[in-house]
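Take a look at the structure below.
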Amino acid sequence: MITFVTGLEGTLIRIQEDPEARYEFEIWFDYTRQAMNLIREGALLAVPNFASNHAESHRSILEVVSILPIHYALGDNPQGYPGFVVEAARSAVRDWEEQESEPTEDVTKIRCIAIPTNLEIVERDGQSRLQEESNLPMVGARALLLDTPSTEYVLNSGLPQGVPTFTVGNLVRDPLVGVKVSAEDLLRTHFAIFGFTGAGKSNLVSTLVDKVLNAFCAEEPLQEPPREQVKIVLFDLMGEYSVLLADWLVKSPDACLLVLTEETLPEDVLQFMEQPTNEAFSKALTALAQTTLYPRALIGRRSDFRFAWRRLLNPKSARVHLYREKPPTLGKLVERYWNPRGTLGKNDPKIRQEVRNWIATEDNTPFDEGSAPKLFEWIESMFDSGLLSTNDARESFQSLRDAADDAFRRYISPRHVHDAFQMTLGELVGRLNDPHSSGLYVVQSHDPDRLRDFAAMLGEVMFENRRKSGKINPLVVFVFDEADEFIPQRREGADDSYGRSRFVVMTLARRGRKFGLGVGIATQRVRYLDTSIMAQPHTYFVSKMPRQSDRQAIAEAFGISEELFGQTFKFKKGDWLLMSHDAIGLEAVPVPIHCEDANRRVEAFLDHLKAEWQRSREMVRTRE
């Protein structure tokens, strides 16, 4: 039975057609201070519609998106003699203050703007049910406010049964109302997080990852058929998530902090990976604790993170891995990195023939410490040959030489780290395709180009692997923090790491869904994103976006009115406007929610690790 807040009634005053929301409704309530605290953005109202008859009543459910107290003695135009205007405004304060729970003044109203949810309540013989809206609300009809249990029921009524769900947050206006999300729909149909600096994007990403993994890992041991698993690959450009997801990196059996370059890690950590001794272990823990990037709320817990790093660096169950990739052949390296632009001059045919000959001759020669000098000597011989008569020709081989230098540093490492701390692309792909467990993989690099190139390579390999094998399980989700660095707007003639990562991410977003590959993006710089990606996510989390161009881009991509983002300017940290075509109970209806603070979850985990360590120390002392 759907029930309403007693003693609170409004009136539907106006209906206006709206191209984005279909219709816009204006509802007036008598002003009281209690009503101002009950009716907020996100509140649900029920208004009788034209489908009602003598046998049953039909009430359209509307969502409040804007609320404003109005004093009609003042009007909305403060023109006139200043003394009169100020005196009228001051006298109006008494009307606001004195009407605590009972309205006594006709000149004070609460004006609400609402949009349709496309649902209605049908009441017949004392029973009520929800169904799709069948007609328009009636102007002049009474508007009733749904109470807390009914609001929660309506918000979550459209979720499918028998699939993993989780409470993503609570309604901003009513913390007792939990808003649930279908985990599979969220991931399969892609999601996006947009918020300006300070909104807490990284915090929300951490919270979503935590809730998704909990939803998939909460499977009953004997459930038939076994529930699908999920793998999350998070490309961490800023190096934040080794802290914000430290709990899952430690406690999940299938978790990994994958470091692409040795320069990303402190020297003491690298030395420990080469020779895992107790002395080197202590230095490595100290180095990690000092060099890791912490959110402000966790800086005071820096020393406690040693308990987490201790687990991650343990060679018996290492979770920190250096990426080791198979180097290309000498021929493939030249084929990949010799990209002439402009004119090569009169020697163009000869230069291209020299390059073709090299590629054909060295196509099977591995690039290693012994063969690398041969490549550098060939590049130098091209400079000395006299064939490179134009600046473009010389620049093409200079770029090739730079690429060869980078490849030497990348593939031929003087370090020989312990096997427990290494991971290859093949091993990673194998773990991502393992259907028996859910897992988390955080990928970091000090070099953004390396991170983009790796994202492009992994995405392409996974897509082709799934396409050729026909596998769709487990669900693999690629999450791109600072997404504008991976999916930027197109640049004329660009063939670099930006272009490669953008192409692969767009392929995953458009075609990955049918192969069990999802995408998540998070950014504050919407204007720099490739516009094609904006239409792909079916679920948006939006916080404050001061730039109008950003709000317009989001509104156009999702198909809603830009005015609906007005409420986000009142949001506090952790407040988000949630909209989804698939993953929540109300289709394409913005719902203002407040999400948990990931820092508190991480702090609780650190307390747990610290208590465990102290107990183990006491047990050792007791034995002694």
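The values are calculated or read from the model by the stated rules, or taken from the named source; none is laboratory data. Everything numeric here is computed off the predicted structure, so don't read it as measured data. Because the Cβ atoms are built from the backbone with ideal geometry, glycine has one as well, and the counts that use them run over all protein chains shown.
List of remarks:
- Sole residue being touching a residue at least 60 places away in the same chain (Cβ under 8 Å), among the acidic types (D, E) and closer than 30 Å to E556 by Cα, chosen from E56, E20: E20
- For S157, the conditions (1) touching a residue at least 60 places away in the same chain (Cβ under 8 Å); (2) crowded, with 17+ Cβ neighbours inside 10 Å all hold with the exception of (2).
- Residues (in contact with a helix residue (DSSP H, G or I) (Cβ under 9 Å, 6 or more places away or on another chain), under 16 Å from D405 (Cα atoms), not acidic (D, E) and not in a loop (DSSP other than H, G, I, E, B)) located in the stretch 362-391: P366, A372, K374, L375, F376, W378, I379
- L234 at pLDDT 95 or above, under 28 Å from L119 (Cα atoms) and buried (at least 21 other Cβ atoms within 10 Å of the Cβ): no
- Within the option set L44, L12, being at pLDDT 95 or above, closer than 20 Å to R142 by Cβ, of a type outside the set (V, I, T) and touching a helix residue (DSSP H, G or I) at 6+ places or on another chain (Cβ under 9 Å) holds for one residue only, L44.
- Unmet requirement for L146, which otherwise passes all of (1) closer than 23 Å to I593 by Cα; (2) modelled with pLDDT under 95: (2)
- Among the conditions (1) more than 30 Å from E274 (Cα to Cα); (2) assigned to a loop (DSSP other than H, G, I, E, B); (3) more than 44 Å from the chain's Cα centre (by Cα); (4) not polar (S, T, N, Q), the only one that R352 does not satisfy is (2).
- One residue from V477, V519, V542 being modelled with pLDDT of 95 or more, surrounded by 16 or more Cβ atoms within 10 Å (Cβ to Cβ) and closer than 23 Å to K572 by Cα: V542
- The lone exception for K468 - which of (1) free of Cβ contacts under 8 Å to residues at least 12 places away in the same chain; (2) in a loop (DSSP other than H, G, I, E, B) it fails: (2)
- The residues on offer are L176, L186, and the sole one that is among the hydrophobic types (A, V, I, L, M, F, W, C) and either touching a strand residue (DSSP E or B) at 6+ places or on another chain (Cβ under 6 Å) or part of a strand (DSSP E or B) (or both) is L186.
- In this structure, A218 does not satisfy being more than 17 Å from V64 (Cα to Cα), modelled with pLDDT under 95, assigned by TED's automatic domain parsing to the domain that holds V505 and crowded, with 23+ Cβ neighbours inside 10 Å.
- Residues of the stretch 233-248 that turn out to be touching a Phe, Trp or Tyr at 6+ places or on another chain (Cβ under 6 Å) and among the small types (G, A, S), as a count: 0
- Under the condition of being among the aromatic types (F, W, Y), touching a residue at least 60 places away in the same chain (Cβ under 8 Å) and farther than 23 Å from D185 by Cα, the residues counted in the stretch 471-511 number 1.
- Inside the stretch 25-38, residues that are of a type in the set (V, I, T), within 36 Å of the chain's Cα centre (by Cα) and over 17 Å from A141 (Cβ atoms) make up a count of 0.
- Residue in the stretch 2-14 that is free of Cβ contacts under 8 Å to residues at least 40 places away in the same chain and either more than 35 Å from the chain's Cα centre (by Cα) or part of a loop (DSSP other than H, G, I, E, B) (or both) present: yes
- The listed residue being assigned to a loop (DSSP other than H, G, I, E, B) and at negative phi, out of A215, A192, A199: A199
- Looking across the stretch 15-37, the residues that are in a helix (DSSP H, G or I) and surrounded by fewer than 18 Cβ atoms within 10 Å (Cβ to Cβ) come down to R33, Q34, M36, N37.
- Counting residues in the stretch 441-462 that are assigned by TED's automatic domain parsing to the domain that holds D254 and over 19 Å from L260 (Cβ atoms) gives zero.
- The single condition from (1) free of Cβ contacts under 8 Å to residues at least 12 places away in the same chain; (2) acidic (D, E); (3) under 17 Å from N339 (Cα atoms) that E354 fails is (1).
- If you go through the stretch 410-442 and keep only what is under 32 Å from the mean Cα position of the chain (by Cα) and assigned to a loop (DSSP other than H, G, I, E, B), you end up with T424, N433, D434, P435, H436, S437, S438.
- If the condition is being touching a helix residue (DSSP H, G or I) at 6+ places or on another chain (Cβ under 8 Å) and more than 17 Å from F478 (Cα to Cα), then the stretch 498-528 contributes Q524, R525, V526, R527, Y528.
- Considering (1) modelled with pLDDT under 90; (2) touching a helix residue (DSSP H, G or I) at 6+ places or on another chain (Cβ under 9 Å); (3) of a type in the set (V, I, T), the lone condition that V86 does not fulfil carries the number (2).
- Flag for G140 being under 29 Å from the mean Cα position of the chain (by Cα) and in contact (Cβ under 8 Å) with a residue 40 or more places away in the chain: no
- Pairing each residue of the stretch 277-298 that is part of a helix (DSSP H, G or I) with any residue that is of a type in the set (S, T, N, Q), provided the two are 6+ apart or on different chains, yields C-beta distances under 6 Å for A280/Q271; A297/N599; L298/N599.
- The combined condition, being surrounded by fewer than 19 Cβ atoms within 10 Å (Cβ to Cβ) and either touching a Leu at 6+ places or on another chain (Cβ under 6 Å) or not in a helix (DSSP H, G or I) (or both), is not fulfilled by E563.
- R500 being in the same structural domain as G439 (by TED's automatic domain parsing), of a type in the set (K, R), more than 17 Å from the chain's Cα centre (by Cα) and surrounded by 18 or more Cβ atoms within 10 Å (Cβ to Cβ): yes
- Top-ranked residue of the stretch 390-412 - restricted to ones that are loosely packed, with under 15 Cβ neighbours inside 10 Å and of a type outside the set (D, E, K, R), ranked as nearest to F454 (Cα to Cα): I412
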